[in-house]
Amino acid sequence: MIDPELYTISVRKEANYDGFMYVGRVSEFPDICVIVDEEGVSSDEVRDIVIEAICVRVSLGDAPAPLVFPPPKKWTTRIRSTDDSDDAIITFPETVITSLGW
């Protein structure tokens, strides 16, 4: 079973013709895009809708011809500083860490 909360979900507030809307996307599933322009809806509610969309997408994969799902992105945290007073925690995708040779 795939845990939908492990995927990279983004919810952005974007301007539209008469105000704003929330747009929810999943980095690993470019075909999932949730647009909500109703008043009174929070970004957390849009995130919940995106999680539900991931679950529906996964359930469709259980059809006779199973779909291959991308794994969630792996994130790695590195601490880099020149002296102890400037320590910082920065999180990058594992692919960036590898390409930088850290």
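The values are calculated or read from the model by the stated rules, or taken from the named source; none is laboratory data. What you see is a predicted model, and the numbers here were worked out from it, not measured in a lab. Please note: Cβ atoms are built from the backbone with ideal geometry, for glycine as well, and neighbour counts cover all protein chains shown.
Restricting to the range 19-52, what's the tally of residues that are at positive phi and either in contact (Cβ under 8 Å) with a residue 24 or more places away in the chain or among the basic types (Lys, Arg) (or both)? Number of matching residues: 0. Residues satisfying the criterion are absent from the range 73-89 (criterion: modelled with pLDDT of 85 or more, in a strand (DSSP E or B) and aromatic (Phe, Trp, Tyr)).
Small (Gly, Ala, Ser), at pLDDT below 65, out of contact with any strand residue (DSSP E or B) (no Cβ under 9 Å at 6 or more places or on another chain) and outside the structural domain of Asp18 (by TED's automatic domain parsing): is that true of Ser99 in this structure? In short, no.
Among residues of the range 1-18 that are in contact (Cβ under 8 Å) with a residue 24 or more places away in the chain and within 17 Å of Pro30 (Cα to Cα), those with a Cβ under 8 angstrom from a residue that is charged (D, E, K, R) and assigned to a helix (DSSP H, G or I), sequence gap 6+ or separate chain, pair up as Ile9/Arg47; Val11/Arg47.
Reported count of residues in the range 9-44, each being part of a strand (DSSP E or B) and of a type in the set (Gly, Ala, Ser), is 4. Filtered by the rule that a residue be farther than 20 Å from Ser59 by Cβ and at pLDDT 90 or above, the range 21-40 gives Met21, Tyr22, Val23, Ile35, Val36.
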